[in-house]
Amino acid sequence: MNIVDFLNLLVAAVLLAGVYAAMSVGMTIIYGVLKIVNLAHAGFLMLGAYFVYELYTRFNVDPLLGVIFAFPVFFLIGAGIYWLLVRRIPRSDQPTLPSLLLLFGLWLVLQNLGYLIWGNGDHAILTPRTFSTFQIGPIIFPTVRLVVFGAAVASLAGLEFALHRTWFGRAIRALMQNSDAGRIAGVNVDRTAQIAFGIGIAFAGAAGGLLAMMYSFTPDFGGSFLLRAFVIIVLGGLESFAGVAVGALILALVETFSILVIPSGYQPAISFSLLVLALVILPDGVAGLWKKRQRLA
Amino acid sequence: MNFLLVAICAFTIAGCGKGGKSANEIRVGVVMPITGREAKPGQYQREGIELAIKQINDSGGIMVKEKGKKLPVKEVFYDDASDQAKSAGLVERAMTTDEVTAVIGGYSTALGEAESVMPDRYQTPWITPGAAAAHIFSRGYTYTFGTLSSTDLLGYTTGEFLGSLMDAGKLKKDLAVALALENTDHGVEYGEGIQRWSQEHPGYFRVVFSEKFDLGGTDFSGLLQKVKGSKADIFLADAHLQDYITMERQYIQSGMYHQMISYGARGPDQDARKALGDATNYIFAGLWWSKKLPYPQVKKFDADYQAFAGHEPDSYYPAPAYDAMRALAMAIEQAGSLNKTAIRDALKNVELKDSLMPGQVLRFGKTGQVELPFVIVQNKPDDKSDIVYPRDAATGEAVAPKPRK
């Protein structure tokens with residue numbers, strides 16, 4: 001492999017990391033605050049894809065603008081689902097069986113709703129941006145992937161800012177660290193959890209919109225991303241947003257470059273192996289390792 | 001207590017009655033994916049089967065000699081959701097609880113493979129109109145039949161087509177070919193067919209790269225980089241619809257070019273053309289059937305299908321399913337009985353002389369799989385496509401090499 005091929009692969013891996021980070025962050029927020037593994041995450045990715053698709057095909061709204069519209073719409077959907085369903089699950093510091101079953105059931109309902117509305121055909125968003133690329137020397141940058149990467153970075157940066165510079169962000173972080181202490185300090189746990197769930201679903205919907213710019217989708221869409229989202233949040237540390245970015249980058253780099261030595265038919269095995277390795281060697285993820293180093297220092 | 005006992009007995013008897021065989025109809029199990037990854041082809045195949053059933057019933061049903069009358073066909077349908085375990089389970093359910101006379105099912109090789117273990121176990125004929133891997137039919141099963149020719153032959157025909165372009169001077173000889181194959185028997189056999197043709201016809205092309213990829217992939221950039229690195233002139237992949245769309249998008253985005261491109265049996269699919277637009281132009285596909293075949297029965301089927309389903313037949317999907325049901329009906333009539341072994345034996349000798357498939361005569365080979373020729377179809381601009389091979393069925397000229405823009 002020459003240096004140009006290597007650089008092209010590196011660019012592909014970094015841009016893929018952006019996609020992975022975008023789709024994982026919503027799951028991390030929900031887990032961090034509510035200690036719930038959102039198995040319905042894939043369903044909201046799918047709904048987000050169709051939301052942006054409908055805006056584009058019916059009203060000619062640019063998909064990128066559609067992604068921005070998806071944030072408030074899916075926030076409201078998420079907050080509504082929390083109020084209707086999630087708040088009824090008994091609170092726990094660990095994911096519980098009722099929460100897993102409830103959200104898995106919700107995923108199935110969303111899938112079937114998708115089939116009811118959009119049928120079983122493959123849908124896709126085709127814009128002049130879809131195939132456009134630009135080159136810096138011999139390195140090729142697909143515009144869509146760059147846009148998705150930029151949107152993912154902007155989302156993560158916005159979230160980091162909100163979590164560290166706003167009262168509400170501090171409330172979320174307090175709940176992520178210790179919900180009882182947060183309650184004593186005056187945090188309205190139920191309201192904060194509802195908003196956090198809404199934000200998590202908003203990120204899932206927006207990520208679905210971003211993915212729709214790159215992939216074709218059916219109501220089954222999102223399932224293959226769900227496993228990767230698990231790997232990323234375990235790698236990154238279950239409650240860390242910076243960890244999500246690092247986890248996404250590690251997974252994308254390993255998946256992309258391992259193909260050079262392992263046939264690509266084994267790509268899913270790479271994700272599974274990483275998940276197992278992370279659980280055994282780094283149970284608190286990269287973020288845990290970082291915290292440990294800080295404590296030792 | 002007594003009331004409870006009576007109620008349980010009543011429910012049990014009622015349950016048995018529901019699954020029991022009716023003397024006044026022929027129950028045919030249909031197991032297809034209507035949801036999940038294979039939903040669209042599964043839907044088209046179901047529509048093909050249902051059209052055949054409708055036409056059979058409209059003509060009074062199937063004559064069963066031992067009953068002394070025509071019996072209507074009753075479809076027992078199950079959606080396997082593109083899930084292998086579910087697919088096998090539903091075929092088992094149809095063959096046992098529903099006591100069907102035969103099952104038509106298994107779109108895609110993976111689902112067909114899962115289903116194919118049931119027919120001999122329950123001695124019930126099973127016809128697959130969607131699983132093409134010869135591997136399924138090489139295990140010595142006697143109740144399995146298939147209306148698609150093997151994917152090995154698809155690969156071989158692809159080689160033949162490329163060779164014909166070289167003979168015609170459209171492509172130079174001794175070109176390098178890169179293969180990207182889905183990690184299933186379908187993909188493996190497709191690759192074997194191409195390699196076989198290449199070895200039997202030295203000097204035409206050589207395979208310089210061959211690698212398998214996982215179904216439902218989200219990123220093919222690494223694989224495509226390896227294809228690029230192989231410096232091949234021709235890129236041949238064997239992929240399902242979603243992988244075809246994802247891979248072709250990434251192929252274009254990575255600025256690659258090959259003189260000829262194929263994704264196996266995918267190419268003219270409407271969803272792909274919507275998703276990829278002009279990027280699908282000049283991609284060629286080896287198909288088991290095309291609505292452009294110049295047979296009168298194909299034209300009639302096209303019109304009937306549109307009236308029945310409300311849309312055009314997409315790609316090859318509905319035709320082998322339609323013929324599977326018609327072959328089954330013919331076998332039942334020839335058997336003169338609803339005895340499953342008799343129907344199995346009749347299927348072995350069935351000759352559907354007005355078949356929609358290339359060659360117009362459908363008969364099952366020794367293994368239970370048909371051995372019909374393929375047609376090569378090439379996408380053209382403005383959503384058009386032509387049969388470009390074999391010459392006697394061609395509706396247009398093959399464009400080779402593929403224009404760069």
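The values are calculated or read from the model by the stated rules, or taken from the named source; none is laboratory data. Just so it is clear, the structure is predicted and the values come from calculations on it, not from any experiment. Don't worry about glycine lacking a Cβ; one is built from the backbone with ideal geometry, like all the others, and counts go over all protein chains shown.
How many residues are touching an Asp or Glu at 6+ places or on another chain (Cβ under 8 Å) and either of a type in the set (Lys, Arg) or free of Cβ contacts under 8 Å to residues at least 24 places away in the same chain (or both) when one looks only at the stretch A:235-290?
Number of matching residues: 6.
Can you confirm whether the stretch B:320-335 contains a residue that is at pLDDT below 95, under 30 Å from B:PHE235 (Cα atoms) and in contact with a helix residue (DSSP H, G or I) (Cβ under 9 Å, 6 or more places away or on another chain)?
Kept after step one, since they are at pLDDT below 95, are these residues of the stretch B:320-335: none.
Checked against the condition, which is being at pLDDT below 95, under 30 Å from B:PHE235 (Cα atoms) and in contact with a helix residue (DSSP H, G or I) (Cβ under 9 Å, 6 or more places away or on another chain), the stretch B:320-335 yields no hits at all.
Could we say that B:GLY255 is within 12 Å of another protein chain (Cβ to nearest Cβ) and outside any helix (DSSP H, G or I) here? Quick ask: steps written out before the conclusion?
Values: within 12 Å of another protein chain (Cβ to nearest Cβ): yes; outside any helix (DSSP H, G or I): yes.
Answer is yes for this residue.
Could you tell me whether B:LYS226 is at the interface with chain A (Cβ under 8 Å from one of its Cβ atoms), under 29 Å from A:LEU260 (Cβ atoms) and either of a type in the set (Phe, Trp, Tyr) or without any contact (Cβ under 8 Å) to a residue 24 or more places away in the chain (or both)? Show your work before the answer.
On the way: at the interface with chain A (Cβ under 8 Å from one of its Cβ atoms): yes; under 29 Å from A:LEU260 (Cβ atoms): yes; either of a type in the set (Phe, Trp, Tyr) or without any contact (Cβ under 8 Å) to a residue 24 or more places away in the chain (or both): yes.
Judged against the criteria, B:LYS226 is a match.
Can you find, within the stretch A:116-156, the residue that is nearest to A:PHE59 (Cα to Cα) among those that are buried (at least 19 other Cβ atoms within 10 Å of the Cβ) and among the hydroxyl-bearing types (Ser, Thr, Tyr)?
That would be A:THR130.
Would you please name the residue that is surrounded by the fewest Cβ atoms within 10 Å (Cβ to Cβ), looking only at residues in the stretch B:263-312 that are in a loop (DSSP other than H, G, I, E, B) and within 13 Å of another protein chain (Cβ to nearest Cβ)? Walk me through how you get there before you give the answer.
Here is the first cut: in the stretch B:263-312, the residues in a loop (DSSP other than H, G, I, E, B) are B:264-265, B:267-269, B:281-283, B:288-295, B:310-312.
With the extra rule that they be within 13 Å of another protein chain (Cβ to nearest Cβ), the set shrinks to B:269, B:281, B:310-311.
Values: B:ASP269: 25, B:ASN281: 20, B:GLY310: 8, B:HIS311: 11.
If we take residues in the stretch B:263-312 being in a loop (DSSP other than H, G, I, E, B) and within 13 Å of another protein chain (Cβ to nearest Cβ), then B:GLY310 is surrounded by the fewest Cβ atoms within 10 Å (Cβ to Cβ).
Please verify whether the stretch B:386-395 includes one or more residues that are in a loop (DSSP other than H, G, I, E, B), out of contact with any strand residue (DSSP E or B) (no Cβ under 6 Å at 6 or more places or on another chain) and not basic (Lys, Arg). Can you show your working first?
Taking the stretch B:386-395 and keeping what is in a loop (DSSP other than H, G, I, E, B), we get B:390, B:394-395.
Still in the running and out of contact with any strand residue (DSSP E or B) (no Cβ under 6 Å at 6 or more places or on another chain): B:390.
Add one more test, that the residue is not basic (Lys, Arg), and what stays is B:390.
Within the stretch B:386-395 (the criterion being in a loop (DSSP other than H, G, I, E, B), out of contact with any strand residue (DSSP E or B) (no Cβ under 6 Å at 6 or more places or on another chain) and not basic (Lys, Arg)), the answer is yes, since at least one residue qualifies.
Can you tell which of A:MET27, A:MET23 is within 11 Å of chain B (Cβ to nearest Cβ) and crowded, with 24+ Cβ neighbours inside 10 Å? Talk me through it step by step, then tell me what you get.
Numbers: A:MET27 fails: within 11 Å of chain B (Cβ to nearest Cβ).
Among A:MET27, A:MET23, only A:MET23 is within 11 Å of chain B (Cβ to nearest Cβ) and crowded, with 24+ Cβ neighbours inside 10 Å.
Specify which of the listed residues (B:LEU215, B:LEU179, B:LEU224) is assigned by TED's automatic domain parsing to the domain that holds B:GLU160, surrounded by 19 or more Cβ atoms within 10 Å (Cβ to Cβ) and part of a strand (DSSP E or B). Outline the logic, then answer.
On the way: B:LEU215 fails: part of a strand (DSSP E or B); B:LEU224 fails: part of a strand (DSSP E or B).
Answer to the selection: B:LEU179.
Can you confirm whether A:ALA21 is in contact with a Phe, Trp or Tyr (Cβ under 8 Å, 6 or more places away or on another chain) and within 30 Å of A:GLY285 (Cα to Cα)? First the steps, then the outcome.
Working: in contact with a Phe, Trp or Tyr (Cβ under 8 Å, 6 or more places away or on another chain): no; within 30 Å of A:GLY285 (Cα to Cα): yes.
It is false that A:ALA21 is in contact with a Phe, Trp or Tyr (Cβ under 8 Å, 6 or more places away or on another chain) and within 30 Å of A:GLY285 (Cα to Cα).
Give me the helices (runs of 4 or more DSSP H) completely within the stretch A:218-297, filtered to those with at least 1 residues that are over 28 Å from B:THR35 (Cβ atoms) and within 11 Å of chain B (Cβ to nearest Cβ), ordered by residue number.
Details: elements: A:223-236, A:241-258, A:267-281, A:285-296.
Correct list: A:241-258, A:267-281.
Which condition does A:PHE197 not pass, out of (1) within 14 Å of chain B (Cβ to nearest Cβ); (2) in a helix (DSSP H, G or I); (3) in contact with a Gly (Cβ under 6 Å, 6 or more places away or on another chain); (4) crowded, with 22+ Cβ neighbours inside 10 Å, if it passes all the others?
Result: A:PHE197 fails condition (1) only.
Kindly list, by first and then second residue, each pair from a residue in the stretch B:105-117 that is free of Cβ contacts under 8 Å to residues at least 24 places away in the same chain to a residue that is of a type in the set (S, T, N, Q) and in a helix (DSSP H, G or I), limited to pairs with Cβ atoms under 8 Å and residues at least 6 apart or on different chains.
Taking only residues 6 or more apart or on different chains, not a single pair turns up.
Against the conditions (1) within 17 Å of B:GLU248 (Cβ to Cβ); (2) under 25 Å from the mean Cα position of the chain (by Cα), where does B:LYS212 fall short? Just the number, please.
Of everything listed in (1) within 17 Å of B:GLU248 (Cβ to Cβ); (2) under 25 Å from the mean Cα position of the chain (by Cα), B:LYS212 misses just condition (1).
Within the stretch A:107-130, restricting attention to residues that are under 21 Å from A:LEU64 (Cα atoms) and assigned to a loop (DSSP other than H, G, I, E, B), which residue is farthest from the chain's Cα centre (by Cα)? Walk me through it before giving the result.
Of all residues in the stretch A:107-130, those under 21 Å from A:LEU64 (Cα atoms) come to A:122-130.
When the remaining residues are screened for being assigned to a loop (DSSP other than H, G, I, E, B), the result is A:122, A:124-130.
Working: A:ASP122: 22, A:ALA124: 20, A:ILE125: 20, A:LEU126: 23, A:THR127: 24, A:PRO128: 26, A:ARG129: 23, A:THR130: 22 Å.
Per the criteria, the residue is A:PRO128.
Mind listing whichever residues of the stretch B:118-151 are closer than 14 Å to B:GLY368 by Cα, surrounded by fewer than 24 Cβ atoms within 10 Å (Cβ to Cβ) and without any contact (Cβ under 8 Å) to a residue 40 or more places away in the chain?
Selection gives B:ASP120, B:ARG139, B:GLY140.
If the requirement is being of a type outside the set (A, V, I, L, M, F, W, C) and free of Cβ contacts under 8 Å to residues at least 12 places away in the same chain, which of these qualifies: B:ASP383, B:ASP354, B:ASP314, B:ASP302?
Numbers: B:ASP383 fails: free of Cβ contacts under 8 Å to residues at least 12 places away in the same chain; B:ASP354 fails: free of Cβ contacts under 8 Å to residues at least 12 places away in the same chain; B:ASP314 fails: free of Cβ contacts under 8 Å to residues at least 12 places away in the same chain.
None of the other options fit; the residue is B:ASP302.
Could you list, ordered by first residue, the pairs with Cβ atoms under 8 Å in which the first is in the stretch A:43-65 and more than 25 Å from A:ASN112 (Cα to Cα) and the second is at pLDDT below 95, at least 6 apart or interchain?
A:ASP62/A:THR127; A:LEU64/A:VAL147; A:LEU64/A:ALA151; A:LEU64/A:MET213
Starting from the stretch B:198-221, take each residue that is away from chain A (no Cβ under 14 Å) and touching a residue at least 24 places away in the same chain (Cβ under 8 Å) and list its partners that are surrounded by fewer than 21 Cβ atoms within 10 Å (Cβ to Cβ) and of a type in the set (Val, Ile, Thr), counting only C-beta distances under 8 angstrom and pairs at least six apart or across chains.
Taking only residues 6 or more apart or on different chains, the pairs are B:SER198/B:VAL207.
One residue is enough: does the stretch B:162-170 have a residue meeting the conditions in a strand (DSSP E or B) and at pLDDT 95 or above?
No, the stretch B:162-170 contains no residue that is in a strand (DSSP E or B) and at pLDDT 95 or above.
Please work out which residue is farthest from the other protein chains (Cβ to nearest Cβ), limiting yourself to the stretch A:76-132 and to residues that are out of contact with any helix residue (DSSP H, G or I) (no Cβ under 7 Å at 6 or more places or on another chain) and hydroxyl-bearing (Ser, Thr, Tyr).
Among those residues, the one meeting the criterion is A:SER92.
Does the stretch B:91-124 hold any residues that are among the small types (Gly, Ala, Ser) and within 19 Å of the chain's Cα centre (by Cα), and which are they?
Pass one, the stretch B:91-124, residues among the small types (Gly, Ala, Ser): B:94, B:102, B:105-106, B:108, B:110, B:112, B:114, B:116.
Of everything in the stretch B:91-124, those that are among the small types (Gly, Ala, Ser) and within 19 Å of the chain's Cα centre (by Cα) turn out to be B:ALA102, B:GLY105, B:GLY106, B:SER108, B:ALA110, B:GLY112, B:ALA114, B:SER116.
Which residues, counting only those in the stretch B:229-246, are out of contact with any helix residue (DSSP H, G or I) (no Cβ under 7 Å at 6 or more places or on another chain) and either within 11 Å of chain A (Cβ to nearest Cβ) or under 19 Å from B:GLY42 (Cα atoms) (or both)?
Of everything in the stretch B:229-246, those that are out of contact with any helix residue (DSSP H, G or I) (no Cβ under 7 Å at 6 or more places or on another chain) and either within 11 Å of chain A (Cβ to nearest Cβ) or under 19 Å from B:GLY42 (Cα atoms) (or both) turn out to be B:HIS240, B:GLN242, B:ASP243, B:THR246.
Answer yes or no as to whether B:LEU165 is touching a Ser or Thr at 6+ places or on another chain (Cβ under 7 Å), touching a residue at least 12 places away in the same chain (Cβ under 8 Å) and buried (at least 20 other Cβ atoms within 10 Å of the Cβ).
Working: touching a Ser or Thr at 6+ places or on another chain (Cβ under 7 Å): no; touching a residue at least 12 places away in the same chain (Cβ under 8 Å): yes; buried (at least 20 other Cβ atoms within 10 Å of the Cβ): yes.
For B:LEU165, the condition - touching a Ser or Thr at 6+ places or on another chain (Cβ under 7 Å), touching a residue at least 12 places away in the same chain (Cβ under 8 Å) and buried (at least 20 other Cβ atoms within 10 Å of the Cβ) - is not met.
Hey, can you tell me all the residues within the stretch A:179-191 that are surrounded by fewer than 20 Cβ atoms within 10 Å (Cβ to Cβ) and outside any loop (DSSP other than H, G, I, E, B)?
A:SER179, A:ASP180, A:ALA181, A:ARG183, A:ILE184, A:VAL189, A:ASP190, A:ARG191
So, in the stretch A:52-90, exactly how many residues are closer than 19 Å to A:ILE201 by Cα and part of a loop (DSSP other than H, G, I, E, B)? Walk me through how you get there before you give the answer.
Going through the stretch A:52-90, the residues closer than 19 Å to A:ILE201 by Cα turn out to be A:52-55, A:63-89.
Still in the list and also part of a loop (DSSP other than H, G, I, E, B): A:85, A:89.
So the count comes out to 2.
Answer yes if at least one residue in the stretch A:155-163 is small (Gly, Ala, Ser) and outside any helix (DSSP H, G or I), and no otherwise.
No - not one qualifying residue is present in the stretch A:155-163.
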